[in-house]
Amino acid sequence: MKNLFNQEHVNEVLGRIESLTPEKKQNWGKMSVDQMLAHLNVTYEMMYENNHPKPNPVMKLILVLLVKNAVVSEKPYKQNGATAPAFLIKGNKDFEAEKQRLLGYVNKTLNLGENHFDGLKSHSFGKLNKTEWNNMLYKHLNHHLSQFGV
């Protein structure tokens, strides 16, 4: 799996994001390209903006027991899988604004570095190690960038 704490791998991801255009069509799924970018930004909003409610203790336990491993493992996501309600994007979004936000978030993650993330609590899963953070972030980016053929 690519490493979002490695400049070379980040440059590849940034290039893939930069190659997106507002006209780009998805290979599967229902999201438009602007919605997909906004969808990807939700993860980073949860990490950096703290503008999403945290799950209550019961929901967090369910997420840790039933969802965490699928999210932080190296096993790729299946096409057309279900997503959490916080990640559902409705309506049109500003393509360029969402793209620039995502580029900024990916760069911020690289600049903070893997040591910042090692043992950091996630919004939904509690403490994650740097590998789990990387897997979660890269796998999600790769899944949706591949969805749009980049």
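Readers should treat all values here as calculations from the given coordinates under stated rules, not as data from a laboratory. It should be emphasised that the depicted structure is a prediction, and the values quoted were computed from it without experimental measurement. Here the Cβ is made from the backbone with ideal geometry for all residues, glycine too, and neighbour counts use every protein chain on show.
Using helices alone, I'd like the mean residue ellipticity at 222 nm for the chain: each DSSP H run of four-plus residues gives -39500 (n - 2.57), total over residue count, nearest 500. Display every interim value, and only then the final one.
Working: 7 runs with 79 residues, N = 150.
Computed ellipticity for the chain at 222 nm equals -16000 deg cm²/dmol.
When you filter the trypsin sites (Lys or Arg not before Pro) in region 1-88 for DSSP loop state and at most 10 other Cβ atoms inside 10 Å of their Cβ, you are left with Lys25, Lys30, Lys78. Altogether, the Stokes-Einstein calculation at 37 °C and 0.692 mPa s, with the Kirkwood radius of region 79-150 over Cα pairs as Rh, returns a diffusion coefficient of 234 µm²/s. Going by neighbour counts of Cβ atoms within 10 Å, the residues Leu88, Leu128, Leu65 line up, fewest first, as Leu65, Leu88, Leu128. No solvent, one uniform scatterer per C-alpha: report log10 I(q)/I(0) for the chain via the Debye equation at q = 0.12, 0.18 1/Å, two decimals. Values returned for q = 0.12, 0.18 Å⁻¹ are -0.48, -1.15.
Counting only whole DSSP H helices of the chain, the ones at least 24 Å long by C-alpha along their axis and with mean Kyte-Doolittle hydropathy no lower than -0.5 are 95-112. The GluC sites (Glu not before Pro) of region 45-84 that meet both conditions, a loop assignment by DSSP and at most 10 other Cβ atoms within 10 Å of the site Cβ, are Glu74.
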